[in-house]
1. If we only count helices (runs of 4 or more DSSP H) wholly inside the stretch 473-564, which ones have 2 or more residues that are more than 28 Å from the chain's Cα centre (by Cα)?
2. Could you go through the stretch 250-266 and let me know if any residue there is part of a helix (DSSP H, G or I) and at pLDDT 95 or above.
3. From the list 130, 169, which one is out of contact with any Asp or Glu (no Cβ under 9 Å at 6 or more places or on another chain), among the hydrophobic types (A, V, I, L, M, F, W, C), buried (at least 18 other Cβ atoms within 10 Å of the Cβ) and in contact (Cβ under 8 Å) with a residue 60 or more places away in the chain?
4. Check off (1) outside any strand (DSSP E or B); (2) in the same structural domain as residue 278 (by TED's automatic domain parsing) for residue 179 and give me the number that stays unchecked.
5. Would you check which residues across the stretch 283-309 are in contact (Cβ under 8 Å) with a residue 40 or more places away in the chain and of a type outside the set (Gly, Ala, Ser) and list them?
6. Which ones in the stretch 424-455 are charged (D, E, K, R) and in contact with a helix residue (DSSP H, G or I) (Cβ under 6 Å, 6 or more places away or on another chain)?
7. Here is a list: 87, 26, 71, 80. Which entry is buried (at least 16 other Cβ atoms within 10 Å of the Cβ), within 29 Å of the chain's Cα centre (by Cα), modelled with pLDDT under 95 and on the phi < 0 side of the Ramachandran plot?
8. Identify all residues within the stretch 29-68 that are closer than 30 Å to residue 249 by Cα, surrounded by fewer than 18 Cβ atoms within 10 Å (Cβ to Cβ) and among the β-branched types (Val, Ile, Thr); write none if there are none.
Amino acid sequence: MPISGGEILAQCLANEQVRYIFGIIGDQWNSFFDVLARKGDELGIEFITTRHEAAAAHMADAYARTTRKPGICLGTVGPGAVNLVGGVYAAYADSVPIVVLTAQNQTWRIYPDTGMTQALDQLNLFKPIVKWNAVAWKIERIPQLIQHAFRIALSGRPGPVHLDIPSDVLYGTVDQSPQIQPPNRYRRITPPTADPQLIGKAAQMLLEAEFPLIHAGSGVLRANASEELIKLAEHLSSPVSMSPAARGSIPEDHALAFNPGLQTGAFAQNCADLVLLVGGRLSDLDFWGKPPGWKLSDAQKLIQIDIAGDMIGLNREVDLALVGDAKSTLQFLLSEVTRRSEPKPPSTLLEQCQQSRDRWVQSQLDIASKDDKPIHPLRLIKEVRDFFDRRAISVVDGGNTNLWTLNINRIYEPRTYLCATESGHLGAGLPYAISAQLNHPDRQVYLISGDGSFMFNIQELETAARHNTPIVAVIANDRRFGMIAGVQHLLFDDRFYQVDFTDVRYDQVAKAMGCYGERVTDAKEIRPALKRAVKSKLPAVIDVIIDRDANLNPPELVLVGSMWLEGCKPLPVEEEKKEKKTVTEAVAS
C-alpha cells in the first residue's frame, strides 16, 4: 500500500521513542495528524495541543530537561512557526535538545516564495536559534533528515534543531516506506571520555591544591553525573558551587553545597586556589569567571571539563582542558583521585565558607519567619518550599521572584528545578510545570511565578485542566514588573515608568478555566491555601499579594545592580538637559 510522508514521519519519531509532541494543529499537518488519530496508541505518541505555540516549545524544553531525551514541538506554516520562536530561543540559550518541526507551503511555491498566503522563510527564521536546520524536499529523505536532526541535537553541546517540511511532502505518497534505522545504527549512544593522561594530571592538581572548589554547570545534569560529582567533592572535602541552571546537581542541604549568588557561592569561589569547572561555560550569571565572583587567574587555577571543545576557555583561560562527557570523565577522575590518596580532611577555609553561607541563609530565613502584611516575598517562598516534599519538581519564573528563590527554595534532586536561566525568558513557568507533571505524574509539581511572567502564558491553564495536570502555581503578585521597577528604583529615585498593572484576579481566571483558584493576603493563610489546592486535585493557582516595596530590593539585584550601574545614576531633572550622555548610553558604556 502507498505510504504518506506524514506516516513515514510518525514512524521515524516512534523509532526515537518519542512520547509527546507539543503544538497546535494546522491544515498542512493533517496528513500527519490522521496517522496519530489512527495509530497514535500503537506508535506510543500522544499529541498535546497547547493554546499558543511558544508554550508548546517550552513544554518540549521541559520534557528534555526532566527526562534527558529530546523534546518535540510542532507548528504550522507562517504564524505557527513564528510563534514557536520565543520558546525555541529559551531552549537554545540553555543548550536543551529539542526537535522543532514546521509545516511549509508546497515545494513548487517556496524558497523563493511565489505569493502564497502565510508565506515565510522559516529556514532563516530559525537559523540563529538552532544548531542545524534543513528543508525536507522529498518524502524519501524524511528518515535521513530526522536521524540527522536527533544526531545533531544530542551531539557535543546539545541544543535545538529544526526541520521544515512542505505540505506536498507530508501529503504525498511513495510505494513503500524507506528503511528506518534504529538509533544505535546512525549515532553515538555512549558519550566520549577525556584523555586518560590528562585526567591523571587533573587528579594530581586537585590533590595538590590547598582548597579546590568544584563548580557545576548544567552539563552535570545532562550527563546524569551528580553521583560522581558528589563523591569527588566528598573525597576532596571540596565545596561545590553551581550555576543557576545546575541547581539539583548536589542536594542544597549538603554540607558542601553552595548556591548560586554573590552572598553564598562567590565567597567560597574567592577562597579556592583551584577550580574544577564541570559542564559549564562561565557566562554572565557566573560573572564570566572573573572578579568579583572569582579570583584573578594568576591566583586561581582552572581545570575545565566540557563535552564541546569550543566551550573550553570561552570566557576565562584554563590551566588544563578535559574534553569529554561529564559523567564518564568524572568517573575516571574519581577513580584516579581515590587511587592516589585517602580522603582529604576538611580545611579551616571550608569551615569559614560554611559559616558565612549559613549566616547568610539564616538571615534570609529570619525575614521569612515574619508575619508582615503585605507578605514579604521570602515568607511566601519559605511557606511553599516547606509545604512540598524533597522530590517535588520546582519551577521558577520571573525576575525578582527568581532572585528571592535562590537560597531558600532549596533543590534536592537532579532535574527537579526548571527555569529559563540563560535567556531570562518570562512566561516559561506554566508550560514547564504542565510538561513536568505530564512526564512525572507521580511527583508534586509547583510553580513560583511573578505576576508579570505568569500573564505571558496564562491561557495554558486551560491546557493544564484539559490534561488533568494537578500542578500548583503560586503567584508572587506585586502588580508590576518587579525587576524593572527595582532597577528604576536604583537608578531614578523611584521615578517609575510603565511598570505597574491593574489588580488582576488570577484566582478567578483560574476558576473560569476549570482550575482551583484562591487569593491570599495573610502569610498565615498560605499553607492552608496550599492544602486546599492539593486536595482539589485540580490545577491550582494561589494568588498571593506580596509587599511591592520589599520586592524592589532582592539582595542579589541590589548588590549586582550597584556594581554594574555604579556611576550611572542620572542627574536631577533640572540638570538633565545639560548632560549630553544619556543614562542608557552610560550604562551601555
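The values are calculated or read from the model by the stated rules, or taken from the named source; none is laboratory data. The structure displayed is predicted, hence computed values, not measured ones. Using ideal geometry, Cβ is built from the backbone for each residue, glycine included, and neighbour counts are taken over all protein chains shown.
1. Result: 482-492, 506-512, 526-536.
2. no
3. 169
4. In the conditions (1) outside any strand (DSSP E or B); (2) in the same structural domain as residue 278 (by TED's automatic domain parsing), residue 179 misses (2) alone.
5. Answer for the stretch 283-309, where residues must be in contact (Cβ under 8 Å) with a residue 40 or more places away in the chain and of a type outside the set (Gly, Ala, Ser): 285, 286, 292, 301, 303, 305, 306, 307.
6. Passing the criteria: none in range.
7. Just one listed residue meets the conditions, 26.
8. 67 - this is the single residue of the stretch 29-68 that is closer than 30 Å to residue 249 by Cα, surrounded by fewer than 18 Cβ atoms within 10 Å (Cβ to Cβ) and among the β-branched types (Val, Ile, Thr).
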